[in-house]
Amino acid sequence: FTRTSLNISYQLDGGWNMVSAPGNTPFNDFKTMFPGAISLWQWQNEGNDGQYLQAETVGPGIGYWINLQADLSTMMPAERASNRRVSMSQGRNIIGGFENRVSVADLRRAVPQVRNVYGFDGMYLLANELEPGKGYWVQVKDKAIVLDFEEFEEGDAFGGAARPSVVTSSNRPTLDAV
């Protein structure tokens, strides 16, 4: 990895957890990344018909449900993702952030289509920020969006000129277009 490498620390409970990869990992197979994992699931929101799809690999910016046999504490090296755009359909989406924490309040101010953001820690909780390595349910109203985290994370909570770029589209983006 290059000088843009980072290490992601995971402290996960046995059972179900919401996770993400905030960068490109040296191996993206979930069983290698999370030893003892039973299954990995990705949410696909196509119009009004959302569904879970079983996944084998983990990609940056996408959130997943992972089922573990036991508690797991692991460190994962990753390289900064070159594409930091996250596509979200109208309705519910599961996403992950990247290597920097992002304030949900700032996100909602910048992107009014973003409504509720929930994390999971044994139960659903309203999230105050997106943390690296975690997955989040994000509800989007009115229309699909593509959020560019590159600009969002480099801004100083909007004190400067940088704000997240939002690309709206009448087409529903897919989560794998990250």
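A few notes on this one:
Here is a yes/no grid of residues against (1) more than 13 Å from the chain's Cα centre (by Cα); (2) within 21 Å of Glu150 (Cβ to Cβ); (3) open to solvent by less than 70 Å² (accessible area, probe 1.4 Å); (4) not aromatic (Phe, Trp, Tyr):
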| site | (1), (2), (3), (4) |
| --- | --- |
| Pro22 | no, yes, yes, yes |
| Met75 | yes, no, no, yes |
| Gly97 | no, yes, yes, yes |
| Gln113 | yes, yes, yes, yes |
| Val117 | no, yes, yes, yes |
| Leu126 | yes, no, no, yes |
| Leu130 | no, yes, yes, yes |
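- Candidates Arg85, Arg80, Arg92, filtered to the one that is more than 24 Å from Tyr124 (Cα to Cα), in contact with a strand residue (DSSP E or B) (Cβ under 8 Å, 6 or more places away or on another chain) and open to solvent by 70 Å² or more (accessible area, probe 1.4 Å): Arg85
- Among the residues of the range 59-73, just one is within 22 Å of Glu129 (Cβ to Cβ), open to solvent by 10 Å² or more (accessible area, probe 1.4 Å) and part of a loop (DSSP other than H, G, I, E, B), namely Gly59.
- Across the range 81-93, the number of residues qualifying as more than 14 Å from the chain's Cα centre (by Cα) and part of a strand (DSSP E or B) comes to 1.
- Residues within the range 99-111 that are within 12 Å of Gly133 (Cα to Cα) and open to solvent by 60 Å² or more (accessible area, probe 1.4 Å), tallied: 2
So that you can scan it fast, the table gives a plain yes or no per residue for (1) in a strand (DSSP E or B); (2) in contact with a Gly (Cβ under 6 Å, 6 or more places away or on another chain); (3) closer than 15 Å to Lys134 by Cβ; (4) not polar (S, T, N, Q):
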| site | (1), (2), (3), (4) |
| --- | --- |
| Val19 | yes, yes, yes, yes |
| Ser39 | yes, no, no, no |
| Tyr52 | yes, no, no, yes |
| Ala78 | yes, yes, yes, yes |
| Ile95 | yes, yes, yes, yes |
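- Residue identified as at pLDDT below 85, of a type in the set (Asp, Glu) and assigned to a loop (DSSP other than H, G, I, E, B) among Asp142, Asp156: Asp156
- Considering each residue of the range 29-51 in turn, at least one proves to be more than 16 Å from Trp137 (Cβ to Cβ), at pLDDT 90 or above and of a type in the set (Lys, Arg).
- Within the range 117-132, residues that are closer than 12 Å to Gly96 by Cβ and touching a residue at least 60 places away in the same chain (Cβ under 8 Å) reach partners that are open to solvent by less than 80 Å² (accessible area, probe 1.4 Å) and of a type in the set (D, E, K, R) with beta carbons closer than 6 Å, at six or more positions or on different chains, in the pairs Pro132/Glu99.
- Checklist (1) at pLDDT 85 or above; (2) open to solvent by less than 30 Å² (accessible area, probe 1.4 Å); (3) within 30 Å of Leu68 (Cα to Cα) applied to Pro173, failing item: (1)
The values are calculated or read from the model by the stated rules, or taken from the named source; none is laboratory data. Predicted, not measured: the structure shown is a model, and the values here were computed from it. Reconstructed Cβ throughout: ideal geometry from the backbone, glycine too, with neighbour counts over all protein chains shown. Note: accessible area is taken over every heavy atom of the protein model, side chains too, but ligands, DNA and RNA are not part of it. Shrake-Rupley method; radii C 1.70, N 1.55, O 1.52, S 1.80 Å.
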